[in-house]
Amino acid sequence: MRESIVVVGGGAAGAGAAESLRREGFTGRLTLVGEEPGLPYDRPPLSKQVLSGAWQPDRTVLRDRDHYDGLAVTLRPGRATGLDVAGHRLRLEDGTALDYDGLVIATGVTPRRLPFGHELAGVHVLRTVDDATALGGALADARRLVVIGAGFLGTEVAAVAAQLGLAVTVVDPLPLPMARQLGGAVAERLCALHRARGVTLLTGASVGGFTASDGRVEGVRLADGTLLETDLVLVAIGSVPAVDWLRDSGLALDNGVVCDAYCRAAPDVYAAGDVASWPNARYGRRMRLEHRTNAGEQSAAAARNLLRGDIEAFTPLPYFWSDQFDVKIQAHGLLAEDADVEIVEDEGPGFVALYRSGGRTVGALAWNAFRQLRPYRKELADQPFPAGEPAPAPGPAAVV
């Protein structure tokens, strides 16, 4: 009988784990540790509604304080700095320690940074609500923005800034924006969308450094010597799992917290959300997903398995979305880099793209075509696992 469970991470996965633990019948002491002050909040609106000014930041809050009080969840501000797996003890930055007999790690990711320039005023990253507030305020007073990185975050921010009237330039070393995430055929259409809306895309280009005056960025110098004058820079070159605090814990760390098929990283320790790496039997491969839907689904699965003894292998059909200008991109499944992409249902303003690998359809994407996507989602969900692979049996997670 578990008496004390600690959830580390104050985002959607952490809040979802705490709620799921109560929903599954846990009545003991439950503590949610969050590095940021305030209540857990949703991150996807930060790069869209909050940045554009359509939402006030407090609208991103997932639940009010009365909700957590009603669940008897103790919200504990603080940054985790260490974990004693054998001793079942979590250490915090202020020197205190929390004992547990069950732990869920949901610390998410942190923005990847350039090796230079982040000390300059006008150079931003975007991960937290404070980041979004700072960047949104800066956009209101700026005329030019350079976005370094053409992934989800970079292209979403570029779209918002262009709609606010800024001259926007996106720099990326790949030949097409979001080519790794969407494949060439869809990435070409995304490229055309941004250029048609006035965004300058400098693909196949690398950044060599910044120019500055009085501690404020004034330009971005490309590797070929080209200088891009600017008022602001957003560095959006990806993220890394927030696992530095676990380096001495003995947990296996490899592109996140290494878990088994039940989200278990060690006895009594589970992980969920952006930080968790686990084998998804649906695809016969290990994966780590930085998608909002996965945060909710995986936190619920981790909570159930922690309480009930690894009863449910986590085998989700991944889902993500992205809003850019007047286009909503939605996708189910695995959009593998090596997949063959076919555009179908290409009528009017929308289309569907199918991703095939190993002789089967592994993913489907809709571009302003939600209704057309539905039958493909069902097809993907109903597919047998590769080679008839059964759900894995419970077993000990790797600990090094």
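Miscellaneous remarks
- Evaluation of Ala303 against (1) open to solvent by less than 50 Å² (accessible area, probe 1.4 Å); (2) in contact (Cβ under 8 Å) with a residue 12 or more places away in the chain; (3) not in a helix (DSSP H, G or I) (one fails), failing number: (3)
- Boolean, Ala313 is open to solvent by less than 50 Å² (accessible area, probe 1.4 Å) and over 21 Å from Glu379 (Cβ atoms): yes
- Comparison of Ala159, Ala187 shows that the only residue that is surrounded by 15 or more Cβ atoms within 10 Å (Cβ to Cβ) and either touching a residue at least 12 places away in the same chain (Cβ under 8 Å) or in a strand (DSSP E or B) (or both) is Ala159.
- Among residues of region 318-330, those that are farther than 18 Å from Ala150 by Cα and open to solvent by less than 20 Å² (accessible area, probe 1.4 Å), counted: 1
- Restricting attention to region 41-54, the residues being over 19 Å from Thr107 (Cα atoms), hydrophobic (A, V, I, L, M, F, W, C) and crowded, with 22+ Cβ neighbours inside 10 Å number 2.
- Of the candidates Arg282, Arg292, the single residue that is open to solvent by 40 Å² or more (accessible area, probe 1.4 Å), in contact (Cβ under 8 Å) with a residue 24 or more places away in the chain, under 30 Å from Arg2 (Cβ atoms) and among the basic types (Lys, Arg) is Arg292.
- Inspection of region 304-320 finds a residue satisfying the criterion of being over 25 Å from Arg23 (Cα atoms) and at pLDDT 95 or above.
- Restricting Arg197, Arg216 to those that are over 28 Å from the mean Cα position of the chain (by Cα) and among the basic types (Lys, Arg) reduces the list to Arg216.
- Summed over region 335-353, residues that are within 22 Å of Arg292 (Cα to Cα) and open to solvent by less than 30 Å² (accessible area, probe 1.4 Å) total 4.
- Within region 101-122, being part of a loop (DSSP other than H, G, I, E, B) and within 23 Å of the chain's Cα centre (by Cα) holds for Ala106, Thr107, Gly108, Arg112, Arg113, Leu114, Pro115, His118.
- Leu98 passes every criterion in (1) outside any helix (DSSP H, G or I); (2) among the aliphatic types (A, V, I, L, M); (3) over 17 Å from Thr31 (Cα atoms); (4) in contact with a Ser or Thr (Cβ under 8 Å, 6 or more places away or on another chain) apart from (3).
- Pairs with Cβ under 7 Å, 6+ apart, first in region 233-255 and without any contact (Cβ under 8 Å) to a residue 24 or more places away in the chain, second crowded, with 17+ Cβ neighbours inside 10 Å and not in a loop (DSSP other than H, G, I, E, B): Leu253/Leu246; Asp254/Ser277
- Residue in region 6-25 that is surrounded by 15 or more Cβ atoms within 10 Å (Cβ to Cβ), touching a Phe, Trp or Tyr at 6+ places or on another chain (Cβ under 7 Å), at pLDDT 95 or above and farther than 25 Å from Phe320 by Cα present: yes
- Yes/no for Ala242 being within 20 Å of Val147 (Cα to Cα) and modelled with pLDDT of 95 or more: no
- Those residues of region 307-321 which are of a type in the set (D, E, K, R) and either touching a Ser or Thr at 6+ places or on another chain (Cβ under 9 Å) or under 18 Å from Asn294 (Cα atoms) (or both), in sequence order: Glu312
- Scan of region 10-27 for residues that are touching a helix residue (DSSP H, G or I) at 6+ places or on another chain (Cβ under 9 Å) and outside any helix (DSSP H, G or I), ordered by number: Gly11, Glu24, Gly25, Phe26
- Residues satisfying the stated conditions in region 201-217, i.e. touching a residue at least 40 places away in the same chain (Cβ under 8 Å) and buried (at least 16 other Cβ atoms within 10 Å of the Cβ): Leu201, Thr203, Val207, Phe210, Ala212, Val217
- Only one of the numbered conditions (1) more than 25 Å from Gln324 (Cβ to Cβ); (2) open to solvent by 10 Å² or more (accessible area, probe 1.4 Å); (3) at pLDDT 95 or above is not met by Gly38, and that is (3).
The values are calculated or read from the model by the stated rules, or taken from the named source; none is laboratory data. These figures come from a predicted structure and were not determined experimentally. For neighbour counting, all protein chains shown are included, and Cβ atoms are generated from backbone atoms with ideal geometry for every residue, glycine included. Side chains included, ligands, DNA and RNA excluded: accessible areas come from the protein's heavy atoms. Shrake-Rupley method; radii C 1.70, N 1.55, O 1.52, S 1.80 Å.
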